[in-house]
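Student: First the structure, which I've put down as C-alpha cells, then a few questions once you've had a look.
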Amino acid sequence: MRKTIFSHTTGSHQSCDDVFHTPRVQLRPFDPLTLQFLNQLSVCLLADKRHNRNPEIVSLGFWLRKSNVDQFHKENMHWLDHKGYTVTALGPVFHVAPSNVDTIFLYSATVSLLMGNTNVVRLSSDLSPSVQFIISCINHILALPENEILRPYLSFISYGHEDEISTYFSSEAQGRVIWGGDQTVLHFKSLKSGPALRDIIFPNRVSHSLIKAKSFLDADDEAKALAAKNFFNDAYVFDQLGCSSPRVIFVYGTIAEKESFIPAFYKELDKITKTRYTSEASALSIVKFNHLVDDLMDIPVRNITKDDNTIYLIETDTMPVSVDNCVGGYFYLRHISSLEELSAELPLSTQTLSYFGLQETDLKSLQEATSRKRIDRIVPMGQSLSFHYLWDGMNLFEQLSRKRAII
C-alpha cells in the first residue's frame with residue numbers, strides 16, 4: 001500500500017506495506033527474550049528522574065518487572081501447559097490506542113507481545129510528554145544488540161482519520177484491539193476486514209467508589225491521609241477520564257455517619273489536590289462549573305461541597321442517568337444504608353468498583369448484592385487504574401493466542 005504513516009519506532013515516514021513485519025524468529029508465549037526486554041524497559045522507565053515520580057509511569061514500570069510478569073505466567077500455566085493442545089501466537093495484531101489514557105497502549109502491546117504476536121499500535125499524532133518518554137525508552141532498549149530479534153514485533157505509528165489506512169491494517173491483522181469507547185469501536189467494526197479477524201473491543205464503561213463512612217471516621221490521621229491519597233490516584237490521574245476512574249462515590253453507613261464523613265473526607269482530599277492538581281483544575285474550571293449549572297437545573301441536587309475548582313462533591317437524591325460530565329474532580333455522591341441498595345444503583349456499564357473500609361463479611365455481602373450486575377473488577381481503593389490481564393471480563397492472554405488441538 002502506497003499510503004504512508006509516521007513511525008515512532010523509526011522516527012520517519014514509511015509505507016504501510018513496511019509496517020507489519022514477518023520476524024525471522026517466532027517467539028514463544030512468555031519467551032525468555034521477551035521477559036528480558038520487558039525487564040530492561042522497566043529499569044529504563046523507573047531510572048529517569050524527570051518521569052519516575054509520575055504515577056502512571058511508576059505503575060507501568062513496576063508492572064513490567066520480570067517478577068511481576070513471571071507471576072502472570074504462573075497464574076496462566078493451567079492452560080498454557082496443557083496436554084490436549086499447544087498455545088501459539090494469534091498472529092499480527094493491530095492496536096487502536098485511546099487518547100484519554102496515556103499508558104494503556106503499552107499494556108495492550110505487552111500482553112500481545114508476551115503471546116508472541118507482532119504488533120502495530122496506532123497512537124494519537126499529538127503525543128503527550130509521557131508517551132514520548134515511553135517511546136524513547138522502547139526505542140533505546142530495542143536498539144540493544146541482544147534485542148535485535150524483537151524489533152519486528154513492535155511498531156508504533158500515527159496517521160490521520162484515514163479509513164483506507166485503518167482498513168489496510170485491519171485486513172492484514174489476525175487480531176484487533178480497539179480501545180476508545182462506543183464510537184471508536186463501532187467505527188472500526190464498520191471497516192472492511194479479514195473474515196477470521198478476532199476483535200477484542202473496549203466500549204464505554206464507567207467506574208465508581210464505595211466508602212464505608214464509619215471505617216473512615218474511625219481511622220487515625222495517617223490512615224485517613226492514605227485513603228485520600230489512594231482515592232486521588234484513582235480519580236485524578238488522567239483527569240478522571242479513564243474507564244476505571246471513579247465517577248460516583250457511594251457512602252455506606254447511617255445518615256449521621258454520612259454527614260460527618262463528607263467534610264472529613266473533603267478536608268483530606270483537599271490537602272492533596274491543592275498541591276498536586278492546581279493547574280489541571282484551573283484548565284477544567286469552566287467545564288466543571290457549566291456541568292454544575294446543568295445539574296442544578298436537571299437533577300435533584302441535595303448538597304454541594306466545594307471550596308475551589310479541585311473538588312466538586314454533588315450529593316443527589318437519585319442516581320444520575322449519565323456521569324459523562326465527571327472530569328477533573330467532579331463527583332456525584334450517593335448515600336446507601338445497606339450494600340443491597342447497590343444492586344439498584346449501579347448501572348450495567350459499571351466496570352470497576354473500588355472500596356475502602358470493608359471487612360471480609362462486607363465484601364461477601366457486596367459480591368452477593370451485585371451478583372447480577374456486570375462489574376468486572378472489585379478492587380481496594382488505590383488500585384482502580386492498576387492494569388491487569390483480566391480486563392473487562394476477559395483474559396487477554398487467552399484472547400491474543402490460539403490453541404492448536406493435538407488429538
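The values are calculated or read from the model by the stated rules, or taken from the named source; none is laboratory data. Predicted, not measured: the structure shown is a model, and the values here were computed from it. For neighbour counting, all protein chains shown are included, and Cβ atoms are generated from backbone atoms with ideal geometry for every residue, glycine included. We work out accessible area using only protein heavy atoms, side chains counted, and drop any ligands, DNA or RNA first. Shrake-Rupley method; radii C 1.70, N 1.55, O 1.52, S 1.80 Å.
Student: What Kirkwood hydrodynamic radius, in Å, does region 269-407 give when the mean of 1/r is taken over all pairs of distinct Cα atoms and then inverted?
Tutor: Value: 17.8 Å, from the Cα pair sum.
Student: Considering only protein heavy atoms and a 1.4 Å probe, what is the carbon-and-sulfur percentage of the accessible area of region 165-238?
Tutor: Exposed carbon and sulfur together represent 49 percent of the surface.
Student: Using alpha-carbon positions, what is the distance between the centroids of region 229-294 and region 381-407, in Å?
Tutor: 31 Å
Student: Moving on. Treat the chain as a sphere of radius equal to its Kirkwood radius over Cα pairs and apply Stokes-Einstein at 25 °C in a medium of 0.890 mPa s; give the translational diffusion coefficient in µm²/s, rounded to a whole number.
Tutor: The estimated diffusion coefficient comes to 108 µm²/s.
Student: Output the lone cysteines of the chain: those with no second cysteine's C-beta under 4.7 Å from their C-beta.
Tutor: 16, 243, 326
Student: Let me ask another. Which pairs in the list 83/189; 189/288; 189/403; 49/258; 49/274 are over 31 Å apart, alpha-carbon to alpha-carbon?
Tutor: Result: 83/189; 189/288; 49/258 exceed 31 Å.
Student: Taking H as built 1.01 Å from N, whose amide H comes closer than 5 Å to the amide H of residue 85, not counting residues under 5 places away?
Tutor: Placed amide hydrogens put 406 under 5 Å from residue 85.
Student: Here is a follow-up. Give me the percent of DSSP beta bridges within the chain that run antiparallel, rounded to the nearest 5.
Tutor: Of all bridge pairs located within the chain, approximately 30 percent are antiparallel.
Student: Determine the gain in length on full extension of the stretch residue 317-residue 21; use 0.36 nm per residue of separation and subtract their C-alpha separation, reporting nm with one decimal.
Tutor: 100.9 nm
Student: Quick one: ranking 334, 65 by accessible area, 1.4 Å probe, largest first, what do you get?
Tutor: Sorted by accessible area, descending: 65, 334.
Student: Further question on the same structure: Net charge within 11 Å of residue 219 by Cβ-Cβ distance, Lys/Arg positive one each and Asp/Glu negative one each, not counting residue 219 itself?
Tutor: -2
Student: Now for a separate question. Within region 258-407, what whole-number % of the accessible surface is contributed by carbon and sulfur, with the 1.4 Å probe and all protein chains included in the calculation?
Tutor: 50 percent
Student: Enter the accessible area per residue of the chain (Å², integer; probe 1.4 Å; all protein chains in place).
Tutor: Value returned for the chain: 45 Å² of accessible area per residue.
Student: Continuing with this model, one more query. Enumerate the aspartates and glutamates that residue 267 could reach by cross-link, defined here as Cα to Cα under 17 Å, with residues fewer than 8 away along the same chain left out.
Tutor: Filter leaves 218, 220, 221, 222, 257, 259, 307, 308, 315.
Student: Where does each of 25, 327 land when they are ordered by accessible area, with a 1.4 Å probe and the largest first?
Tutor: 25, 327
Student: Would you mind calculating the gained length between residue 4 and residue 75 on full extension (0.36 nm times residue separation, minus the Cα-Cα distance), in nm to one decimal?
Tutor: Taking 0.36 nm per residue and subtracting the Cα distance, the gain is 21.5 nm.
Student: Same structure again: Please work out the FRET efficiency for the pair residue 67 and residue 190, using the Cβ-Cβ distance as r and a Förster radius of 56 Å; give the result to the nearest 0.05.
Tutor: Working from the Cβ atoms, E equals 0.85.
Student: Around residue 121, which amide H atoms from residues at least 5 apart in sequence, or from another chain, sit under 5 Å from its own amide H, with H modelled in the peptide plane?
Tutor: Amide H neighbours of residue 121, under 5 Å, 5+ apart: 95, 155, 156, 157.
Student: Quick check: pseudo-label points 7 Å beyond the Cα along Cα→Cβ at residue 14 and residue 285, how many nm apart are they?
Tutor: 4.7 nm
Student: Taking θ as phi - 60°, what are the ³J(HN,Hα) couplings along region 283-290 by the Karplus curve (6.51, -1.76, 1.60), each to the nearest whole Hz, with x for Gly and Pro?
Tutor: Once θ is set to phi - 60°, the couplings for region 283-290 become 5, 9, 4, 5, 4, 5, 5, 4 Hz.
Student: Roughly how many percent of the accessible protein surface of region 1-89 is carbon and sulfur, given a 1.4 Å probe and a whole-percent answer?
Tutor: 51 percent
Student: Along the Cα-to-C-beta direction of residue 86, a point sits 7 Å from the Cα; which residues of region 106-121 have their amide N less than 17 Å from that point?
Tutor: Answer for region 106-121: 115-117.
Student: Further question: For the chain, with a Gaussian network of springs between Cα atoms less than 10 Å apart, report the residue from 316, 167, 22 with the top mean-square fluctuation.
Tutor: Highest fluctuation of the listed residues: 22.
Student: Using a 7 Å offset from the Cα along the Cα-to-Cβ direction at both residue 198 and residue 338, what is the distance between the two label points in nm, to one decimal?
Tutor: About 4.4 nm, to one decimal.
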